[in-house]
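Only one structure is covered here, and it is reproduced in the block below.
The values are calculated or read from the model by the stated rules, or taken from the named source; none is laboratory data. This is a predicted model, so every value here is computed, not measured. Cβ sites come from the backbone with ideal geometry, for glycine too, and all protein chains shown count toward neighbours. For accessibility, only protein heavy atoms count, side chains too; no ligands or nucleic acids. Shrake-Rupley method; radii C 1.70, N 1.55, O 1.52, S 1.80 Å.
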Amino acid sequence: MAVYGDPGWSPSGRVGVCLLDVGLPPKRVAEAVGDRLGSAVVAEQLDATTLLHAPVDPQELLEAATTAFPEVLVGGFGSDVTVLKGVGRPDDLVARYGLRSAQGWQGVGHTRMATESAVTAGGCHPYSVGPDQCLVHNGSFANHATIRRELIADGVRFDSDNDTEVGARFVARALADGLTLEAALKSLCATFDGFYTLLVSSADSFAVVRDAIACKPAVIAETDDWVAMASEYRALVGLPGIEHATIFEPEPEVVYAWTR
């Protein structure tokens, strides 16, 4: 689960880094990262995720955290996003994260059926490899190994064998190069083979795209107040005002994008 804009998890004037399965009390993690950062760090434990905060640039906190704990996976980082990952029943994870009291302007959730890597917190979606960026994926990329090799040759580092991470790294590289979210996904469609439905989010926008065959399900509901996307309509029926929403299935290889 990724939550954008929760005032407790993403306080104003501070950036966050989410670390997975550190294995140490939050206070010790904060001290270790703070020593390398040269600034005070606050840490909070949310199930398998240790959430770090500091009033610095996101890249500074990220580098301090990965220097202090080079073997620990980063679940996400940025000014507005908190990424929570875990293994177990969704309703149990909701309770352990305290999601029912979460606030914000955007959220991304994903329940994974593992096909490309182990069932671990690190293999969960969303994949968040750029600042305030998330990607979730239903499907399979057929040529991900080739694209992975090309990205590695360009200096991109990977944390898993998951094909979804290849898509996330590809999009993050495109956004870092100055492409818009829509242009980055159009480039992905032209480069990746396979079948997929993707949702990619940033701090102020999100976009949805399906492959040319569009065999993986997707449904979008849109109102004047909110937009939501899910694999099945039943995931949307409890939303306020759903009876007045415009509901449709996204067309193949058409990028649907919304900005806050």
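Computed about the Cα centre, the dipole magnitude for the chain is approximately 440 debye when only Lys and Arg (+1) and Asp and Glu (-1) carry charge, each at its Cβ.
Comparing mean-square fluctuations of LEU181, LEU46, LEU236 from a GNM of the chain with C-alpha springs under 10 Å, the top value falls on LEU236. Look at the dipole of the stretch 105-260 built from charges on Cβ: of TYR127, ALA235, THR197, the Cα furthest out on the positive end belongs to TYR127. Within the full protein context, the accessible area of GLU31 is estimated at about 90 Å² for a probe radius of 1.4 Å. The order of THR191, THR82 by accessible area, most exposed first and with a 1.4 Å probe, is THR191, THR82. In this simple spin-label model, placing a label point 7 Å from the Cα along the Cα-to-Cβ direction at both GLU63 and ASP35 gives a separation of 2.0 nm.
Here the chain exposes an accessible surface that is 50 percent carbon and sulfur, computed with a 1.4 Å probe and the other protein chains kept in place. Largest to smallest in accessible area, the residues LYS85, LYS27, LYS216, LYS186 fall in the order LYS27, LYS186, LYS216, LYS85 (1.4 Å probe, all protein chains included). Distant-in-sequence amide contacts of PHE206, defined by a placed amide H-H separation under 5 Å and a gap of 5 or more residues or a different chain, comprise TRP258.
Tell me the label only: which of [x] 18.4, 60; [y] 19.9, 61; [z] 17.9, 53 is Rg and Dmax of the Cα atoms in Å as calculated from this structure? Among [x] 18.4, 60; [y] 19.9, 61; [z] 17.9, 53, the one derived from this structure is [z]. With R₀ set to 51 Å, the beta-carbon distance separating VAL227 from VAL42 gives a calculated FRET efficiency near 0.95. FRET efficiency for the LEU179 to GLU249 pair, using the beta carbon distance and R₀ = 30 Å, is estimated at 0.70.
Computed from backbone phi, the HN-Hα couplings of the stretch 73-90 come to 6, 8, x, x, 7, x, 8, 10, 10, 10, 10, 10, 10, x, 10, x, 5, x Hz, rounded to whole numbers (Karplus: 6.51 cos²θ - 1.76 cosθ + 1.60, θ = phi - 60°; Gly and Pro given as x).
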